[in-house]
Amino acid sequence: MRSHLVEVTSKITAMAKSGNISRARKLFDELPDRDTIAWNAMVSGYLHLGLYQEARSLFNSMRSSNVKPDHFTGTAVLSTCAALKDNKSGQMIHALVVVSGCNLFMPVNNALIDMYGKCLRAREANAVFSEMGRRNEVSWCSLLFAYSNAGLLEESHSVFHDMPVKVVIAWNTIIAGYAKWGELQWCLCFFKMMLEDSFRPDQWTLSAVLNACAVTSEPCYGHMLHGFIIKSGWSSAVEVNNSALSFYTNFGEKHEVLEVVRAVGMCSDVSWNAIIDAYMKIGDLQEAHLVFQRMPEKNLISWTSMITGYMRNGRGECALTYFIDMMRNRIRPDDIAVGATLHACSNLATLGHGRMVHGCVIRYGFHAHAYVGNGLVNMYGKCGDICSSYRAFADISEKDLISWNTMLFAFGLHGHSSEALGVLEEMVASGMKPDNITFIGLLMTCNHLGLINQGLFFFESMTSHYGVSPEIEHVACVVDMLGRAGQLERAKEIADEYAESKNVSVGSLEALFGSYSSQGCVKMGAEIAEQLQLVKPGDEMSYVVLSNMYSASGQWRRAETLRKAMADRSIKKMPGCSWVEVRNEVAAFVAGSNSCLRKEDVHMMLSVLGYEMRFPISFPSIWDGIT
């Protein structure tokens, strides 16, 4: 009987390691009597394959049986809690191992330190470390990781200094820790010390340092390191190539990206996804699509990379198509994929598709997530459903600054000034400090609704009360607001006041130019147009608007001269484009195009809309004062 149990347990272990976990579980369930070793084999099998929830569920069943867990069980289950970053369950297991006496075993203590480290509980990890009678390299490296992972870099430095033996993993951990928290100089310093101490860096060392170089403003460090990688023979390592791809992609170096892609030999899942992301970031959507099609197995990250890539490149309809295809392939989305798709729906203003994605959000329980909730608020706001936008805002359990700003913008966009100001009051009352984006929203609201005094108050108080310096968007909003109200002299004063900064100067000049255009001040508008043509010689806006001003004032010869100057300088006006969603399909209309299949119906409807705009009929506001 005992020999049969040993034989079946060995088969369970072998099958689990080979990936045939279903067959292993069937053998386990068929065992009439299971000992601790059999339970441990099955739990470890789930752990080995990353099936952490199944491993924890099986452990709970083990506790309900008459079999007593041992220190091997404790180590495996603590590793499961570490992988899930489940501190609460980890603490319960900690109590169990103390009660059972398993905490006397070094592997259990090492697993405890690792679990607390991955759950960002460095103090608890240190408490376990301090109580250990005997420690090994794993103990020291686990504590070092706990401090580095939590961003306690001074403490991790001290632990590294106190280590009796510094192995390569310890060097990698301290370097990766500084890299994670953006401390490039310390990262390079430890890398140099590692070389001076005659330790040979491996692919993990080089990958960590290269990742740190990717988040700097200067690419020279990464270039030098890549040269070192090639000379040291690590250029074929998958992890190093993935980091090199990310580095060159972040700096927009298309040629180097393509060289690294060609150097990649056998691709892992991470490599495939890194290549897709690289092509998307340099704008080569066709190559990204081809790489995606060639992938042997497409996972959630692959689909998400395509969705976010298309969204970033202004191809929202493609992002939406990929999201639908992902769902059809029974790939469960995460919050990143859902958030990116909602952003695509916002840009396309496709309310029907947005509601479909909202259904997925509710189904998978993402509605309380700030990132997804913010996407819902933005999508409904841009699609014209302000009531649903507010309901989505109310559903966000922990609102961040983006949540408040998005709701404020949505109210402002729909002309609800009192509600927008109410959001500001609630935001400040909650302890959230307004930023530059908040004030852009407030100034845009005041601009669109003609609240001149209120807008000027916010413009002045953003610096005096909140310490936010005016940027190009703030100045442009105020100049435009005053210009629309006919206060052109005051608008020019503010534009001149902020003319020292080149970027702000251009923005305020454009806003001032628009004000002169709306008020019909041709002479002043011509002066501003000349300045804009010097600063932005290839931009058609100043030419087109000034030409329209000349035409409106009857100065046809000057208008014709200006358009001829545009043609001589090869400056072309971008055609206007608009779109409408009909039965979940988006139809686009480009100025000057006759490609619309139902042109007569469109022109008839335009006539009806034109009549209604000239002779409007008042209806009660759809906004019913939701609070």
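Values for this structure:
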read-out	value
Acute angle (nearest 10 degrees) that the helix 300-312 long axis makes with the longest principal axis of the chain, alpha-carbon atoms	20 degrees
The chain: relative contact order in percent, alpha carbon pairs under 8 Å with at least 6 residues between	4 percent
Gyration tensor (alpha-carbon) shape descriptor, the range 350-456, a/c threshold 1.5	oblate
Selected from GLN454, ALA485, TYR466, residue furthest toward positive end of dipole (the range 414-555; charges at beta carbon)	ALA485
Highest average packing first - 56-65, 519-528, Cβ atoms within 10 Å	519-528, 56-65
Highest average packing first - 305-313, 453-461, 549-557, Cβ atoms within 10 Å	305-313, 453-461, 549-557
Mean separation of Cα contacts under 8 Å (6+ apart) over length of the range 1-135, as relative contact order %	17 percent
Distance in nm between pseudo-label sites at TYR611 and TYR364 (7 Å out along the Cβ direction from Cα)	4.8 nm
Cα-centre dipole for the range 298-340 with unit charges at Cβ (Lys and Arg positive, Asp and Glu negative), debye to 20	120 debye
Assigned charges on the beta-carbon of Lys, Arg, Asp, Glu; the chain dipole about Cα centre (debye)	1520 debye
Cut-off under 5 Å, modelled amide H: who pairs with PHE589 long-range	SER578, TRP579
Among VAL238, ALA278, VAL602 - extreme Cα towards positive end, dipole of the chain, charges at beta-carbon	VAL238
Answer label for Cα extents along the principal axes in Å (calculated), chosen among (i) 93, 84, 43; (ii) 104, 57, 51; (iii) 87, 54, 46	(ii)
Positive dipole terminus of the chain, leading residue within GLY381, ALA495, ILE336 (C-beta point charges)	ILE336
Lys, Arg +1 and Asp, Glu -1 on Cβ, resulting dipole of the range 1-94 about Cα centre, debye, nearest 20	160 debye
Tilt relative to the chain, helix 401-413 - C-alpha long axis, 0 to 90 degrees, to 10	30 degrees
Cα long-axis angle, helix 269-281 against the chain (0 to 90 degrees, to the nearest 10)	10 degrees
Ranked list, fewest to most other Cβ atoms within 10 Å of each Cβ, for TRP303, TRP186, TRP39	TRP186, TRP303, TRP39
Rounded if a/c under 1.5, otherwise prolate or oblate - the range 398-469, Cα gyration tensor axes	oblate
Listed pairs LYS523/LYS564; LYS180/LYS231; LYS382/LYS492; LYS85/LYS180; LYS536/LYS564 exceeding 22 Å between Cα atoms	LYS180/LYS231; LYS382/LYS492
Extension gain, ASN329 back to LYS85 (0.36 nm per residue minus Cα-Cα distance, nm)	85.0 nm
Over the chain: helical MRE at 222 nm, DSSP H runs n ≥ 4 each giving -39500 (n - 2.57), nearest 500	-22500 deg cm²/dmol
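Coordinate-derived values only; no laboratory data. Being a predicted model, the structure only gives us computed values, none of them experimental. All Cβ positions, glycine included, derive from the backbone under ideal geometry; neighbour counts span all protein chains shown.
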